[in-house]
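*Asks:* Structure incoming, see below.
Just so you know, all these numbers are worked out from the coordinates, no wet-lab data involved. Keep in mind that what you see is a predicted model, and the values were worked out from it rather than measured. Cβ placement follows ideal geometry from the backbone for every residue including glycine, while neighbour counts extend to all protein chains displayed.
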């Protein structure tokens, strides 16, 4: 059986990517990153709930506390407000080079575990516009990883949602029976999703356009 290292934040996109991996018959090894984001406690709860639902035995939670020291993002610096609108350019919720670091660590895990791919729920087409979610970046990093591992190690970066809209992701998740009620996308709350941050708004837009109801609770 082929092995896949799945980066699972606990959000809707990574949960759908995990569901696709499971449906393909691959053995999933799940990894979650604690980078001192505002909602880490709730995200980790979602990660573990998803792993439990899919009976994932091999799971990693990696401490990346240095992101908090770097700051420069509303997700890791509480002195910066989480915006409720979509500004032009790269939003302040972008965490510098986050996916590059995530994927590099996932590559180390994949090499150790004998996995032949890393699965990430990155979305380019209908997202916040983070530069490290672009397919060109993922392909370039895949080439760099090939140069930095043993010759016999072959690791692909798989981003099955990269060109999907949020509505298409919702439809795919529902088709797969992915437990979206266990996921968490809000950038600022850990009890009831705020419904106004960019992540909540993208998620709610996806459900609305898909003609489905989001199963998580939102503030009134």
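*Asks:* How tilted is helix 98-113 with respect to the longest principal axis of the chain? Cα atoms for both, answer in degrees (0 to 90, nearest 10).
*Replies:* Orientation of helix 98-113: about 40 degrees from the principal axis.
*Asks:* Report D for the chain in µm² per second (integer): Stokes-Einstein, Kirkwood Rh on Cα pairs, 20 °C, 1.002 mPa s.
*Replies:* Values: Rh = 17.5 Å.
D, rounded to a whole number, is 123 µm²/s.
*Asks:* Order by neighbour count: 170, 31, fewest other Cβ atoms within 10 Å first, most last.
*Replies:* Starting with the residue having the fewest Cβ neighbours, the order is 31, 170.
*Asks:* Also: Grab the DSSP H runs of the chain that are 4 residues or longer, score each as -39,500 (n - 2.57), total them, divide by all residues and round the 222 nm result to the nearest 500 deg cm²/dmol.
*Replies:* After summing the helix terms and dividing by the residues of the chain, the value is -12000 deg cm²/dmol.
*Asks:* Could I ask something else about it? How far is helix 198-210 tilted, in degrees, relative to the longest principal axis of the Cα atoms in the chain, given as a value from 0 to 90 rounded to the nearest 10?
*Replies:* Compared with the principal axis, the helix lies near 90 degrees.
*Asks:* Another question about this same structure. Please check: in the Gaussian network model of the chain (C-alpha springs, under 10 Å), which one of 155, 29, 101 has the largest mean-square fluctuation.
*Replies:* Answer for the Gaussian network model of the chain: 101.
*Asks:* Turning to a different aspect of this structure: Between 198, 55, 40, which gets the highest mean-square fluctuation from a Gaussian network model of the chain, Cα cutoff 10 Å?
*Replies:* 55
*Asks:* Mind sorting 203, 134, 78 by how few other Cβ atoms lie within 10 Å of their own Cβ, fewest first?
*Replies:* 78, 134, 203
*Asks:* Roughly what angle does helix 12-23 make with the longest principal axis of the chain, taking Cα atoms, 0 to 90 degrees, to the nearest 10?
*Replies:* 40
*Asks:* Cut-off 10 angstrom, C-alpha nodes, Gaussian network model of the chain. Which of 68, 89, 195 fluctuates the most?
*Replies:* 89
*Asks:* Which three semi-axes in whole Å describe the equivalent ellipsoid of region 90-208, each the square root of 5 times a Cα gyration tensor eigenvalue, listed largest first?
*Replies:* Working through the eigenvalues yields semi-axes of 28, 16, 14 Å.
*Asks:* Take every DSSP beta bridge with both residues inside the chain and express the antiparallel ones as a percent of the total, to the nearest 5. The partial results should precede the final answer.
*Replies:* Values: 0 of 17 bridges.
In the chain, DSSP labels about 0 percent of beta bridges as antiparallel.
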